[in-house]
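Worksheet for the structure shown next.
The values are calculated or read from the model by the stated rules, or taken from the named source; none is laboratory data. No experiment lies behind these values; they were computed from the predicted model shown. Here the Cβ is made from the backbone with ideal geometry for all residues, glycine too, and neighbour counts use every protein chain on show. SASA here: full protein model, heavy atoms, side chains in, ligands and nucleic acids out. Shrake-Rupley method; radii C 1.70, N 1.55, O 1.52, S 1.80 Å.
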Amino acid sequence: MSPQSQSIASFNGDLSSLTAPPFILSTTSLTEYSAYWAEHPDVFVAPAKEADPEKRALLVLKWFLSTLHQQYCSRSEKLGSEKKPLNPFLGELFIGKWEGGADVGETSLISEQVSHHPPATAYAIRNEKHGVELQGYNAQKASFSSTILVKQIGHALYSLTPSGSQEKETYMITLPNLHIESLIYGSPFVELEKSSKIVSSSGYTAKIDFSGKGWLSGKKNTFTASLYKTAEGEKKPLYTVDGQWSDKFNIKDARSKDVIDSWSAKENQTTPLTLAPLEHQDLYESRRAWSDVATNIQKGDMDAVSGYKSRIENAQRELRRVEKEEGREWERRFFNRIESDDAQVQALAKEADLAFETDKTGGIWRFDAKKAEGAQPPYFKVGGEGLGLTE
Ligand SMILES: CC(C)CCC[C@@H](C)[C@H]1CC[C@H]2[C@@H]3CC=C4C[C@@H](O)CC[C@]4(C)[C@H]3CC[C@]12C
């Protein structure tokens, strides 16, 4: 048996324990993936400007669908194949902002590794000007059956206060399952499976069905979606959407059958995320913490890679040891673990068929805006508690 298949045979579902050949290693940590939710900030805030609740729910669906290209195929398009991201360490941060035009304003991103065993990443994306917030967390559980199957555990909550209203509207978003295709040809890419739901407190539900390589079109990344009144059910759609999430899709009014809107991933450029320069970043910020590892992955110096990785891992082990000794746990910088959420969120979760599975995410994680107020790097005191990354 090769070492590769041995590691598969003893695989426990934790993707971070999977060994991959050097050419498949990415220099990017999973904490960075949270940014995929808002790389089109104008689409992210668009629902807040819509006065009609039905159209607002449709714009939330459109935004969700528009994120899928970046979430699930930007690596294979940019780098030639899907890659294995760096495993974030507990407390790792990825912080940045998107400068929109005068109309969009600034959108900020906070991403934090809130759990290490099991690995879970939480994020908050906010646009103050439009009163839009997305927060969520996710973990992955993998299994093998001719390829890598990945179940996503976690959810996202999108909220806004419609213009001219006082009442906050919340959308519960569930995450799709996925699998890796073309693994044996050495050019792995992601295909989405089953379905995702977006259930709103305003009484609308969107259901997205991922059908992979469409049996009619023969094209990969095919999906259909419909938006309906939660109380009336899937059989009475108000709008339908179909196409490829990695390319183009059309939005139709289900009553008139007219195409009323569309999206093309290739024609809509992403807005770059602005980060603090490396030297101004905190030691816990992803790019800074992983910079030596990343440089050596690029150079193909795998000995140096494992040396620098061990440095991080050993420093982390030492922190965990001291915490255990002192009977405390690592304080999350921007998020809190909560026992259960309010009745509204629970009702939305039920409608969305969401099971919290807290044992697989280390808990339910919620953003704490107070912790983020006026946050400036360094986010952590360095010294005794440092990562051991500075000399
Ligand atoms: C490429 C093969 C050989 C190695 C396996 C890599 C695994 C660890 C990669 C491949 C695709 C990746 C997923 C791609 C996109 C997302 C969406 C993001 O919002 C959360 C992370 C998540 C869910 C990634 C988790 C890690 C992942 C499953």
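A few points about this structure:
- Some residue of region 12-24 being on the phi < 0 side of the Ramachandran plot, touching a residue at least 40 places away in the same chain (Cβ under 8 Å), assigned to a helix (DSSP H, G or I) and open to solvent by less than 30 Å² (accessible area, probe 1.4 Å): yes
- Contacts under 7 angstrom Cβ, first residue in region 49-74 being part of a loop (DSSP other than H, G, I, E, B), partner open to solvent by less than 20 Å² (accessible area, probe 1.4 Å), 6 or more apart: Glu50/Arg56; Ala51/Pro162
- Top-ranked residue of region 1-52 - restricted to ones that are touching a Ser or Thr at 6+ places or on another chain (Cβ under 8 Å) and modelled with pLDDT under 85, ranked as nearest to the ligand (Cβ to nearest atom): Leu18
- Residue check, Ala231 assigned by the TED database to the domain that holds Trp63, crowded, with 20+ Cβ neighbours inside 10 Å and small (Gly, Ala, Ser): no
- Within region 203-215, considering residues that are free of Cβ contacts under 8 Å to residues at least 60 places away in the same chain and among the hydrophobic types (A, V, I, L, M, F, W, C), the one surrounded by the most Cβ atoms within 10 Å (Cβ to Cβ): Phe210
- Complete set of residues in region 318-360 that are in contact (Cβ under 8 Å) with a residue 24 or more places away in the chain, outside any helix (DSSP H, G or I) and farther than 18 Å from Ile198 by Cα: Trp330, Arg332, Arg333, Phe334, Phe335, Asn336, Arg337, Ile338, Glu339, Ser340, Glu357
- Whichever residue in region 116-142 is open to solvent by 50 Å² or more (accessible area, probe 1.4 Å) and within 12 Å of the ligand (Cβ to nearest atom) and, among such residues, is farthest from the chain's Cα centre (by Cα): Lys141
- Applying the criterion of being of a type outside the set (S, T, N, Q) and either away from the ligand (no atom under 16 Å from the Cβ) or not in a strand (DSSP E or B) (or both) to the residues of region 182-196, the residue that is least open to solvent (accessible area, probe 1.4 Å) is Pro188.
- Out of Gln269, Gln298, one residue alone is closer than 29 Å to Ala120 by Cβ and either outside the structural domain of Asp209 (by the TED database) or of a type in the set (S, T, N, Q) (or both). It is Gln298.
- Taken over region 123-181, the criterion of being small (Gly, Ala, Ser) and part of a strand (DSSP E or B) is satisfied by Ala124, Gly136, Ala139, Ala142, Ser143, Ser145, Gly154, Ala156, Ser159.
- Evaluating Pro272 against the criteria (1) surrounded by 12 or more Cβ atoms within 10 Å (Cβ to Cβ); (2) of a type outside the set (Ser, Thr, Tyr); (3) in contact (Cβ under 8 Å) with a residue 60 or more places away in the chain; (4) not in a strand (DSSP E or B) leaves one unmet condition, (1).
- Within region 143-153, the set of residues being within 7 Å of the ligand (Cβ to nearest atom) and either touching a Pro at 6+ places or on another chain (Cβ under 6 Å) or under 15 Å from Trp365 (Cβ atoms) (or both) comprises just one member, Gln152.
- Residue check, Ile110 in the same structural domain as Ala156 (by the TED database), more than 13 Å from the ligand (Cβ to nearest atom) and either of a type in the set (A, V, I, L, M, F, W, C) or within 28 Å of Ala231 (Cα to Cα) (or both): yes
- Filter pass, Lys55 being away from the ligand (no atom under 16 Å from the Cβ), basic (Lys, Arg) and touching a Pro at 6+ places or on another chain (Cβ under 9 Å): yes
- Verdict on Glu279 being touching a residue at least 60 places away in the same chain (Cβ under 8 Å) and out of contact with any Leu (no Cβ under 6 Å at 6 or more places or on another chain): no
- Pairs where the first residue, in region 173-202, is aromatic (Phe, Trp, Tyr) and the second is open to solvent by less than 50 Å² (accessible area, probe 1.4 Å), C-beta under 7 Å, 6+ apart: Phe189/Cys73; Phe189/Ser76; Phe189/Ser81; Phe189/Glu82; Phe189/Ser182
- Condition met for Asp52 (farther than 21 Å from Ser226 by Cα and open to solvent by 10 Å² or more (accessible area, probe 1.4 Å)): no
- Number of the exception - Gly80 against (1) crowded, with 22+ Cβ neighbours inside 10 Å; (2) over 17 Å from the mean Cα position of the chain (by Cα): (1)
- Region 251-269: number of residues that are part of a loop (DSSP other than H, G, I, E, B) and among the polar types (S, T, N, Q): 3
- Of all residues in region 284-317, those that are in a loop (DSSP other than H, G, I, E, B) and either buried (at least 19 other Cβ atoms within 10 Å of the Cβ) or of a type in the set (Val, Ile, Thr) (or both) total 2.
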